[in-house]
Amino acid sequence: MQINFISLASGSSGNCFYIGTNDYGILIDAGIAVRNIKKRLHNAGFDLNKVRAAFITHDHIDHIKSAGVLSEKSFLPVYATEKTHNAMDNSCIFRQKVYSGKRIIEKTMPVAFDDFTIEAFEISHDGCDCVGYTVCFNDKRFTLVTDLGYICEKAKEHIIKANYLVIEANYDEQMLDSGKYPLSLKQRIKGNTGHLSNMQTAEFLSENINGKLSHVWLCHLSKENNTPQLAYKTVADKLEEKGINVNLYVLPRTSPSNVFVLGDEY
Ligand SMILES: [Zn+2]
Ligand SMILES: [Zn+2]
């Protein structure tokens with residue numbers, strides 16, 4: 001079975017990822033307009049009508065912007081933890097709410113769709129009840145962790161078992177320190193419920209990953225405090241120091257990535 005992955009957008013202006021077979025798929029996060037989801041899927045050879053569900057990581061607007069429209073206009077089930085649904089219901093910037101499509105995912109109870117099983121797990125960020133997701137298919141594990149201040153034990157458990165990993169590399173420490181953000185925002189970003197720096201991700205991966213991991217995509221790069229070249233180099237250099245060989249990519253912020261076909265390398 002062929003599994004395809006594409007990032008439709010990644011970063012503080014919006015996040016949305018598609019993973020699916022040639023017949024159907026799921027979205028993780030819905031932080032860009034539905035017309036862009038539709039267009040970007042179509043251009044990559046996929047169809048929004050064949051998306052079975054959307055899974056939400058947390059209640060920040062760059063992850064949920066069109067969750068309500070997907071639920072009410074495209075009739076998609078929208079999975080999130082109960083607390084995240086409540087936060088979305090109560091948010092004044094999240095205008096179209098999720099009603100008919102509301103589905104609860106429990107961190108202890110995976111959701112199954114034919115060839116996929118989707119598990120939610122806790123991560124450390126300043127949303128209401130933030131999660132990462134692992135999508136299991138064909139005995140392979142695809143894990144996505146974005147928006148996290150540090151890698152807690154649960155996240156670590158999932159990351160080290162992954163064959164494919166999308167992980168945040170939000171900022172370059174020097175660029176953030178010398179940049180124009182106010183001190184309070186710099187502290188928020190660097191804090192335990194903020195975002196991962198290039199170096200945090202690089203060090204974690206170089207110390208913890210094993211031979212199972214074949215692909216790593218760096219996501220949620222800051223526009224102001226990072227560049228794709230810096231993120232790539234910081235992680236690639238650390239992995240090289242340890243002799244670790246993976247396919248490493250940086251996901252674009254505002255445009256779709258290539259389509260990656262997973263599973264063929266085994
Ligand atoms: Zn975000
Ligand atoms: Zn966030």
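The values are calculated or read from the model by the stated rules, or taken from the named source; none is laboratory data. From a predicted model like this one, the values you see are computed outputs, not experimental measurements. So basically every Cβ, Gly included, is an ideal-geometry build from the backbone, and we count neighbours across all protein chains shown. What goes into the accessible areas is simple: the full protein's heavy atoms, side chains included, and nothing from ligands, DNA or RNA. Shrake-Rupley method; radii C 1.70, N 1.55, O 1.52, S 1.80 Å.
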Leaving out same-chain residues fewer than 8 places away, which lysines sit with a Cα under 18 Å from that of Lys223?
Lys180, Lys186, Lys190, Lys233
Figure the gain on full extension for Lys161 and Lys212 (residue separation times 0.36 nm, minus the Cα-Cα span) and round it to one decimal in nm.
17.6 nm
Could you tell me the distance between the Cα centroids of the range 84-99 and the range 133-166, to the nearest Å?
26 Å
Compute the distance in nm between two label points, each set 7 Å from the Cα along the Cα-to-Cβ direction, one at Tyr181 and one at Glu153.
2.9 nm
Can you tell me what share of the DSSP beta bridges in the chain is antiparallel? A percent to the nearest 5 is fine.
55 percent
Heavy-atom accessible area of Phe5 with all protein chains present, probe 1.4 Å, nearest 10 Å²?
0 Å²
To the nearest 10 Å², what's Glu82's accessible area with a 1.4 Å probe?
120 Å²
Per DSSP helix of 4 or more residues, -39500 (n - 2.57); summed, then divided by the residues of the chain. What does that give at 222 nm, rounded to the nearest 500?
-8000 deg cm²/dmol
Quote the accessible area belonging to Tyr232 in square angstrom, nearest 10, computed with a 1.4 Å probe and with ligands, DNA and RNA left uncounted.
100 Å²
May I ask you to derive the FRET efficiency for Cys92 and Lys140 from their Cβ-Cβ distance with R0 = 35 Å, giving the value to the nearest 0.05?
0.30
Pairs to check: Lys107/Lys212; Lys73/Lys102; Lys73/Lys97. Give those whose C-alpha atoms are more than 20 Å from each other in this structure.
Lys107/Lys212
Charge tally in the Cβ shell below 13 Å around Lys97, where Lys, Arg are +1 and Asp, Glu are -1, Lys97 excluded:
+1
With every atom except the alpha carbons ignored, what do you get for Rg and Dmax of the range 3-255, in angstroms?
17.1, 51
Work through the residues other than Gly25 whose Cβ is under 12 Å from its Cβ and net out their charges, Lys, Arg +1 and Asp, Glu -1.
-2
Between Leu248 and Arg52, Cβ-based FRET efficiency (R0 35 Å, step 0.05) works out to 0.75
